[in-house]
1. Could we say that residue 180 is in contact (Cβ under 8 Å) with a residue 40 or more places away in the chain, of a type in the set (Asp, Glu) and closer than 26 Å to residue 140 by Cβ here?
2. Among the residues of region 291-309, count how many are within 25 Å of the chain's Cα centre (by Cα), farther than 15 Å from residue 227 by Cα and in contact (Cβ under 8 Å) with a residue 12 or more places away in the chain.
3. May I ask you to list the residues in region 182-194 that are part of a helix (DSSP H, G or I) and surrounded by fewer than 17 Cβ atoms within 10 Å (Cβ to Cβ)?
4. Taking the stated definitions as given, is residue 153 touching a Leu at 6+ places or on another chain (Cβ under 6 Å) and in contact (Cβ under 8 Å) with a residue 40 or more places away in the chain?
5. Can you pull out every residue in region 3-50 that is loosely packed, with under 15 Cβ neighbours inside 10 Å and either free of Cβ contacts under 8 Å to residues at least 12 places away in the same chain or of a type in the set (Phe, Trp, Tyr) (or both)?
6. Does any residue in region 220-231 that is within 16 Å of residue 259 (Cα to Cα) come within less than 6 Å, Cβ to Cβ, of a residue that is of a type in the set (S, T, N, Q) and in a helix (DSSP H, G or I) six or more places away or on a different chain, and which pairs are these?
7. What are the pairs, 6+ residues apart or on separate chains, where a residue within region 65-91 that is part of a strand (DSSP E or B) has its Cβ under 6 Å from a residue that is of a type in the set (Gly, Ala, Ser) and at pLDDT 90 or above?
8. On the basis of being modelled with pLDDT of 95 or more and among the β-branched types (Val, Ile, Thr), does residue 38 make the cut?
Amino acid sequence: MTNLLEVNNLRKYFPIRSGLLGRVQKQVKAVDRISFSIRPGETLGLVGESGCGKTTAGRCILRLIEPSGGSVLFQGVDLTKLPGRELRRIRPKFQIIFQDPYSSLNPRWVVLDLVGEGLVEHGLVKTLSQKKDRVVEVLERVGLSSEILYRYPHEFSGGQRQRLAIARSIVLNPSLLICDEVVSALDVSIQAQIINLLIELREQMGIAYLFIAHDLAVVKHVSDRIAVMYLGQIVELAGSDQLFQNPAHPYTEALLAAIPIPDPDRTRTQIILKGEINDGADHSRGCNFAPRCPEVTDHCRYQEPPLIEIGPDHFVKCFLAEKRAEVGE
């Protein structure tokens with residue numbers, strides 16, 4: 001199957017300037033040479049601690065932030081090389097749902113304009129009646145009534161606002177949706193409703209998702225494959241079941257050990273990571289995770305491990321990956 005999205009060696013470096021002349025002294029490597037692909041209708045989860053570069057990666061893919069290097073192939077077209085006019089023409093095919101449903105909706109617009117803005121901008125409707133019909137259709141699809149067309153965002157709860165944000169993102173019939181922490185700002189009871197809605201939309205519309213989150217339990221529920229990020233790099237990429245059953249990177253193992261268990265009669269050994277977190281600035285040698293890794297060797301401190309395939313579609317960035325995978329089997 002041809003990939004819908006191919007990200008190759010994507011980079012985003014932010015300069016740190018100092019001195020009277022404001023010269024660049026260091027580079028913060030927010031996204032550092034990451035590569036992955038997404039097939040049509042597939043959900044790829046992208047997880048990691050806050051500040052690891054997940055959101056920056058998502059916005060670089062859409063060119064909401066200009067990447068420092070690499071390529072982003074969407075349906076075979078490199079988005080990083082498209083001029084503004086060509087990029088605007090293809091934008092309806094990939095959309096984003098932002099984390100905060102309170103700040104991502106214009107408080108001065110009614111629902112009809114909030115959801116239907118893209119239809120007008122891209123010339124997909126010619127009359128107000130056409131716009132209204134399409135907006136009503138997507139509102140009903142996300143579980144909202146057509147009676148809210150002329151209401152403002154402040155009149156809705158957080159869950160309803162996120163449904164509006166989803167409606168706005170699917171009104172253009174995209175092939176790819178980037179979901180940036182779409183449930184982290186919502187109550188737990190509402191999170192399940194939004195997650196189930198996204199799953200339904202994927203089944204009905206064939207949408208592919210890049211699902212960015214820090215909650216591994218949520219990601220497992222929605223994802224076909226999961227990529228784990230640490231300080232701007234992907235350290236493990238595998239099928240959802242494979243990652244949970246047989247993690248091969250020490251950082252992945254620590255993340256999984258931190259997931260709460262709902263059964264009070266069961267316990268899980270937590271892994272406490274010690275050491276200082278690398279600041280991400282001009283890190284040019286060794287493994288990023290070495291300062292916190294419980295299994296670090298001198299080799300890890302001075303040479304960066306490659307991302308190797310240790311099993312079918314299971315990639316790990318660790319010198320001890322193959323050994324750890326054998327133990328886990």
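The values are calculated or read from the model by the stated rules, or taken from the named source; none is laboratory data. Note that this is a predicted model, so its numbers are computed, not measured. Heads up, the Cβs are rebuilt from the backbone with ideal geometry, glycines too, and the neighbour counts pull from every protein chain shown.
1. Working: in contact (Cβ under 8 Å) with a residue 40 or more places away in the chain: yes; of a type in the set (Asp, Glu): yes; closer than 26 Å to residue 140 by Cβ: yes.
So residue 180 passes the test.
2. Kept after step one, since they are within 25 Å of the chain's Cα centre (by Cα), are these residues of region 291-309: 292-293, 304-309.
Next cut, farther than 15 Å from residue 227 by Cα only: 292-293, 304-306.
Applying the additional criterion that residues be in contact (Cβ under 8 Å) with a residue 12 or more places away in the chain yields 292-293, 304-305.
Here the count works out to 4.
3. First, the residues of region 182-194 that are part of a helix (DSSP H, G or I): 188-194.
Residues satisfying the conditions are 188, 189, 192, 193.
4. yes
5. Answer for region 3-50, where residues must be loosely packed, with under 15 Cβ neighbours inside 10 Å and either free of Cβ contacts under 8 Å to residues at least 12 places away in the same chain or of a type in the set (Phe, Trp, Tyr) (or both): 17, 18, 19, 20, 21, 22, 23, 24, 25.
6. Listed by first residue and then by second, the contacts come to 220/240; 226/240; 228/252.
7. The qualifying pairs are 78/71.
8. It is true that residue 38 is modelled with pLDDT of 95 or more and among the β-branched types (Val, Ile, Thr).
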